[in-house]
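J.: Right, I'll just put the structure down here and ask away after.
Every number in this text was worked out from the coordinates using simple rules, so none of it is lab data. Since the model is a prediction, treat every value here as computed from it, not as a measurement. Cβ coordinates were reconstructed from backbone atoms using ideal geometry, including for glycine residues, and neighbour counts include every protein chain displayed.
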Amino acid sequence: MDRAIMEKIKNDPDFQKLVSKRNSVMITLTVIELIIYFGFILLVAFNKQFLAQKLGEGVITIGIPIGIGVIVLSFLLTGVYVYIANKDFDELTEKIKQKYTKEV
Amino acid sequence: MSKKGLIFWILSVILVGGAFLSNSMAADGKTVNPTAIAMFILFVVATLGITYWAAKRTRTAKDFYTAGGGITGFQNGLAIAGDYMSAASFLGIAGLVYTSGYDGLLYSIGFLVGWPIVMFLLSEPLRNLGKYTFADVTSFRLEQKRIRILAAIGSLSVVTFYLIAQMVGAGKLIQLLFGLPYTTAVIIVGALMITYVAFGGMLATTWIQIVKAVLLLGGASFMAFMVLIHFGFSFESLFSTATKVHAKGEAILAPGGLVSDPLNAISLGLALMFGTAGLPHILMRFFTVPNAKEARKSVFYATGFIGYFYILTFIIGFGAIALFVNHPEYFQNAKQIVVDGITKIVSATDETKNLIGDKKALVGGENMAAVLLAEAVGGPAFMGFISAVAFATILAVVAGLTLAGASTLSHDLYANVIAKEKDEQKEMKVSKIATFAIGILAIVLGIVFEKQNVAFMVGLAFAIAASVNFPILLLSIYWKGLTTKGAFWGGLAGLIVALVLIVISPTVWVDVFKNPEPIIKLKNPAIFSMLTTFVLTILISKLDNSERAKLDREGFEPQYVRAQTGIGAETAVKH
């Protein structure tokens with residue numbers, strides 16, 4: 001890519017908007033996932049009794065819905081990312097591409 | 001190779017395999033499940049058909065490495081799931097749930113949580129910057145030679161350790177399921193994977209993964225469904241039956257001894273989470289889709305399939321606990337007794353010894369829990385089906401690993417380090433030679449390691465992926481300050497720390513070398529090896545004042561624009 005066009009793209013408000021949006025989504029979701037997983041791991045390491053508590057009258061423990069919940073939440077977070085990306089990132093990317101790829 | 005040559009090769013593989021199969025069955029005299037054999041032959045014929053179809057469409061290097069780049073997000077999601085759901089995660093985790101209950105779930109969770117990380121941090125820039133291998137991304141603005149060598153060392157060690165673990169597991173499993181001698185089984189697996197990869201490249205490998213993923217998800221769903229029907233779709237009823245009959249009682253519904261101290265727990269967690277984001281055969285899949293949008297879609301589907309699959313293995317493991325009580329014939333030296341109205345399986349010689357959940361008591365060991373459950377819920381025909389699916393799983397996973405290893409040798413080492421000029425025909429030739437070389441090496445190592453304890457190798461592969469490939473990939477995409485020198489020495493240091501720490505850990509020092517006490521208590525080195533790579537890479541990069549370092553930093557901005565927008569990225573080819 002031409003250095004001059006690259007400079008232009010870099011200073012384009014749409015590009016800056018895309019980058020700041022993507023970075024904030026990326027960092028927020030990554031931090032949430034890290035908190036969910038390592039929170040769970042620390043719970044397993046430090047407080048097994050908490051996870052062993054019975055949920056109700058039966059034998060099922062709190063640990064089971066929490067464990068399955070980590071799997072389901074992780075999947076949902078990837079869905080959140082796809083939703084935001086489809087809604088916001090693609091449109092901005094397309095705009096930038098149309099503005100500059102003619103010049104390349 | 002010519003068309004005739006390919007047909008000849010495929011026919012010889014079938015004939016030699018068939019001869020071995022019938023020969024060993026006759027010699028062994030054991031009754032082998034006919035559905036298993038029929039299903040297995042059907043799968044092999046179908047996959048060879050796919051290979052033949054793909055071979056005709058694999059003409060260029062791009063076809064070989066990325067299936068032409070035209071796989072859809074959904075297809076790639078299934079293929080990624082196929083690459084990731086190994087026989088170890090199917091039979092191994094179901095077996096772990098059967099013996100330890102909740103602790104099995106801990107592993108599943110660890111294996112899953114890497115996927116959101118791959119999605120958020122890597123999927124789109126990876127697709128926008130890469131061409132054939134992840135080293136294309138790490139060497140985008142850094143010096144080709146040193147960075148490709150580092151990536152090759154990282155990839156080849158991950159592939160080798162993973163492959164040995166899979167080959168040894170495959171040999172033992174096939175020995176058990178089909179009554180074949182271990183060496184024969186390893187040779188058949190090796191010959192088939194060489195055929196798929198050498199002739200069909202990424203296109204054949206992708207479709208074999210997809211077929212296998214559908215079979216595995218279908219088989220596991222049916223099994224879990226049958227278990228749930230048996231308990232009237234009541235988890236309470238399933239779990240309470242399981243706790244009544246299992247030797248460990250209610251302890252199976254809570255975390256046990258598997259994750260003992262926090263340091264070990266976090267280190268293993270880091271290895272599983274970030275190792276997923278550094279596996280070369282998984283990262284390669286991102287170059288098979290046409291753009292970043294399809295790349296992110298594929299991770300979404302893959303995460304869904306893998307998560308669903310792990311939930312199924314949890315149900316399957318508990319189903320095995322709860323239902324095996326009616327099947328004393330699944331156990332060695334066991335009998336069924338009734339105490340206070342509760343049926344139990346106990347040792348024939350010691351009635352106080354409850355065998356349900358015992359590691360060794362099952363016929364064929366704990367890893368057979370899922371296969372035996374298939375028989376319990378679906379009869380011998382379904383057991384045959386699941387056995388064949390397990391075999392298919394192994395074949396597909398080793399094919400993916402072989403392709404990743406061959407790509408590293410031909411694309412990273414040969415084309416970008418050794419060869420003086422670009423020559424695609426030559427690179428293609430090298431990729432085929434590399435496939436044969438890796439396949440033969442895998443067979444030899446599979447035979448050499450037959451009697452060794454290889455349990456640590458998957459953990460080690462993940463630790464290396466997390467400590468060498470992942471940090472360098474992440475920093476190269478997001479940190480302007482990264483220099484060639486920093487990446488090279490930081491990555492190498494991380495690899496050495498990972499290897500040294502695992503050798504002196506309980507998993508190798510005690511379990512393999514049979515020393516009475518480990519030198520360190522840490523089982524997985526990831527926490528220290530990852531830290532080493534990150535700290536050293538950043539430190540050396542910051543201190544790097546070389547001419548190359550200047551170029552490395554200057555190259556960041558054009559790379560960043562392309563990573564974010566995909567302008568200039570590789571596109572798919574139409575056939």
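J.: To the nearest 0.05, how large is the calculated FRET efficiency for residue A:76 and residue B:343 if R₀ is 35 Å and r is the Cβ-Cβ distance?
T.: Step by step, r from the Cβ atoms, then E = 0.30.
J.: A follow-up question, please. May I ask you to derive the FRET efficiency for residue A:3 and residue A:31 from their Cβ-Cβ distance with R0 = 30 Å, giving the value to the nearest 0.05?
T.: Given R0 = 30 Å and the Cβ-Cβ separation, E is 0.30.
J.: So, one more: Check cross-link reach from residue B:359 to the aspartates and glutamates: straight Cα distance under 15 Å, and skip same-chain residues fewer than eight apart.
T.: Once the sequence-local aspartates and glutamates are set aside, what remains near residue B:359 is B:103.
J.: Using a simple charge model, +1 on the beta-carbon of Lys and Arg, -1 on the beta-carbon of Asp and Glu, nothing else, what dipole does chain B show about its Cα centre, in debye to the nearest 20?
T.: Roughly 1480 debye, rounded to the nearest 20.
J.: Could you line up B:530, A:26 from fewest to most neighbouring Cβ atoms inside 10 Å?
T.: Arranged by neighbour count, lowest to highest, B:530, A:26 become A:26, B:530.
J.: Now for a separate question. Post the alpha-carbon centroid distance, region B:117-184 to region A:35-84, in whole angstrom.
T.: Going from one Cα centre to the other spans 30 Å.
J.: Among the aspartates and glutamates, which have Cα under 18 Å from the Cα of residue B:426 when same-chain residues fewer than 8 positions away are ignored?
T.: Cα-Cα hits under 18 Å: B:63, B:412.
J.: Okay, next question. Using Stokes-Einstein with the Kirkwood hydrodynamic radius over Cα pairs, what translational diffusion coefficient do you get for chain A at 4 °C and a viscosity of 1.567 mPa s, in µm²/s rounded to a whole number?
T.: 76 µm²/s
J.: Across all directions of projection, what mean area in square nanometres is found for the Cα convex hull of chain B?
T.: Spelled out: convex hull of the Cα atoms, projected over all directions, averaged, 26.1 nm².
J.: Considering region A:1-45, what Rg and Dmax in Å follow from its alpha-carbon atoms?
T.: 17.8, 54
J.: Continuing with this model, one more query. Kindly express, to the nearest 10 degrees and within the range 0 to 90, the angle between helix B:182-230's C-alpha long axis and the longest C-alpha principal axis of chain B.
T.: Orientation of helix B:182-230: about 50 degrees from the principal axis.
J.: Here's another thing I want to ask about it. Rounding to the nearest 10 and keeping the result within 0 to 90°, find how far the Cα-based axis of helix B:34-57 lies from the longest principal axis of chain B.
T.: Around 10 degrees separate the two axes.
J.: Right, here's the next one. Could you tell me which of B:217, B:97, B:380 has its Cα farthest along the dipole of chain B towards the positive end, charges placed at Cβ (Lys, Arg +1; Asp, Glu -1), taken about the Cα centre?
T.: B:217
J.: Given R₀ = 35 Å, FRET efficiency for residue B:258-residue B:214 by Cβ-Cβ distance, to 0.05?
T.: 0.65
J.: Set the bar at 23 Å for Cα to Cα. Now go through B:248/B:344; B:297/B:432; A:99/B:550; A:21/B:145 and name every pair that lies beyond it.
T.: Long pairs (Cα-Cα over 23 Å): B:297/B:432; A:99/B:550; A:21/B:145.
J.: Still on this structure: Quick one, what does Rg over Rh come out to for region B:431-480 if you take C-alpha atoms and the Kirkwood Rh?
T.: Radius of gyration relative to Kirkwood radius: 1.17.
J.: From the mean inverse distance of alpha carbon pairs (Kirkwood) and the Cα radius of gyration, derive Rg over Rh for the protein assembly as shown.
T.: The Rg/Rh ratio comes out at 0.97.
J.: Cα centroid distance between region B:337-397 and region B:192-251, in Å?
T.: Cα centroid to Cα centroid, the span is 15 Å.
J.: Let me ask something else. Go through region B:200-246 and name the chymotrypsin sites (Phe, Trp or Tyr not before Pro) that are in a DSSP coil and have 16 or fewer other Cβ atoms within 10 Å of their Cβ.
T.: Here the sparse-neighbourhood loop sites are B:233.
J.: Considering every residue in A:58-69, what mean count of other chain Cβ atoms within 10 Å of its Cβ is obtained?
T.: Partner Cβ neighbours, averaged per residue: 6.
J.: Which far-off residues, 5 or more places away or on another chain, put their amide H under 5 Å from the one on residue B:481, with H placed in the peptide plane?
T.: none
J.: With unit charges on the beta carbons (Lys and Arg positive, Asp and Glu negative) and the dipole taken about the Cα centre of region A:3-100, which residue among A:9, A:34, A:84 sits farthest to the positive side?
T.: The Cα lying farthest towards the positive end belongs to A:9.
J.: To continue, here is another question. Using a 10 Å cut-off on Cβ atoms, rank the peptides B:46-57, B:283-294, B:535-546, B:210-221 from the highest mean neighbour count down.
T.: Descending packing order for the listed peptides: B:283-294, B:210-221, B:46-57, B:535-546.
J.: I've got another one for you. Other chains near B:230-243: what is the mean number of their Cβ atoms within 10 Å of each residue's Cβ?
T.: 2
J.: Follow-up. Contour minus end-to-end for residue B:333 and residue B:551, with contour as 0.36 nm per residue of separation and end-to-end as the Cα-Cα distance?
T.: Extra length available between residue B:333 and residue B:551 comes to 71.5 nm.
J.: Where in chain A are the DSSP H helices whose C-alpha atoms run 30 Å or more along the long axis and whose mean Kyte hydropathy is at least -1.0?
T.: Helices passing the filter in chain A: A:13-46, A:63-84.
J.: Another question, if that's okay. Kindly express, to the nearest 10 degrees and within the range 0 to 90, the angle between helix B:556-565's C-alpha long axis and the longest C-alpha principal axis of chain B.
T.: Helix B:556-565 sits roughly 50 degrees off the main axis of chain B.
J.: Another one. In what sequence do A:34, B:203 fall when counting other Cβ within 10 Å, fewest first?
T.: Neighbour counts put them in this order, fewest first: A:34, B:203.
J.: Other chains near A:39-49: what is the mean number of their Cβ atoms within 10 Å of each residue's Cβ?
T.: 5
J.: Which whole-number percent gives the relative contact order of chain B, counting Cα pairs below 8 Å spaced six or more residues apart?
T.: In percent, rounded to a whole number, it is 28.
J.: Can you list the residues, at least 5 places off or on another chain, whose amide H is less than 5 Å from the amide H of residue B:334, using H built in the peptide plane?
T.: B:348
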